[in-house]
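Report on the structure given below.
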Amino acid sequence: MSIADLAIPAVLLAVICYGVLRGCPVFDCFMQGAREGLDTVLRIFPAMMAIMLALGVLRSSGALDLLRAAIEPATSAAGVPSEVVPLMILRPISGAGALAVFKDIIAEVGPDSFAGRVASVMQGSTETTFYTIAIYYGATRVKNTRHTLGAAAAGDISGFIMSVLTVGLLMGS
């Protein structure tokens, strides 16, 4: 057994000892935190279910392929490799879906290709916008999102554009 194997148990023990020394009812606090965590899960579950359902419908209905075909002329004119277009569509919706598409891109064109490098940078520089908004706003019960979606979409689009430009500038196409 190494020191690394003992790190988490040691931290837990230290927190418990600190709480006991300060006179805190450690177990009661733990139970209260667990109860609040379950309340949070129940609040965000509908938003998570809606996002997953929408993603499943998009993929199985063929709407994702239609959307890809619709935006591909514009993206190819902008120098975006066609292989990364599905990643651009899925990344704001689902991290798991985007990771699956990313894996397919790397398997298809390789990690050292222009498309593979763009996909790598894109995967690391953009966010699962719709998922994040649904989860965080669902958890905090925010109803009026005002400019959140527009600003987040602008950030994602900037991340997509800069991924292509950065890889092209630093590593060539």
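Readers should treat all values here as calculations from the given coordinates under stated rules, not as data from a laboratory. Note that the structure is a prediction, hence the values are computed from the model and not measured. Glycine gets a Cβ as well: all are built from the backbone with ideal geometry, and neighbour counts include every protein chain shown.
The stretch 111-173 and the stretch 8-56 have Cα centres lying 29 Å from one another. Taking every DSSP helix (H) stretch of at least 4 residues in the chain, weighting each as -39,500 (n - 2.57) and dividing the sum by the residue count yields a mean residue ellipticity at 222 nm of -27000 deg cm²/dmol. Of ILE44, ILE3, the sequence from fewest to most neighbouring Cβ atoms within 10 angstrom is ILE3, ILE44. List the residues of the stretch 118-133 whose backbone N lies under 19 Å from a point placed 7 Å from the Cα of LEU165 along the Cα-to-Cβ direction. Counting only backbone N, you get 118-127.
Enumerate the residues in the stretch 34-50 having an amide nitrogen under 20 Å from the point lying 7 Å beyond the Cα of ALA14 toward its Cβ. No residues fall inside that zone. Fewest neighbouring Cβ atoms within 10 Å first, the residues GLU72, GLU83 line up as GLU72, GLU83. Taking chymotrypsin sites (Phe, Trp or Tyr not before Pro) across the stretch 9-82, none is in a DSSP loop with at most 12 further Cβ atoms lying within 10 angstrom of its Cβ. Shape class of the chain from the Cα gyration tensor (axes a ≥ b ≥ c, square roots of the eigenvalues): prolate, since a/c reaches 1.5 or more and a/b is larger than b/c. Ordering of 59-66, 115-122 by packing is 115-122, 59-66, highest average first (other Cβ atoms within 10 Å, averaged per residue).
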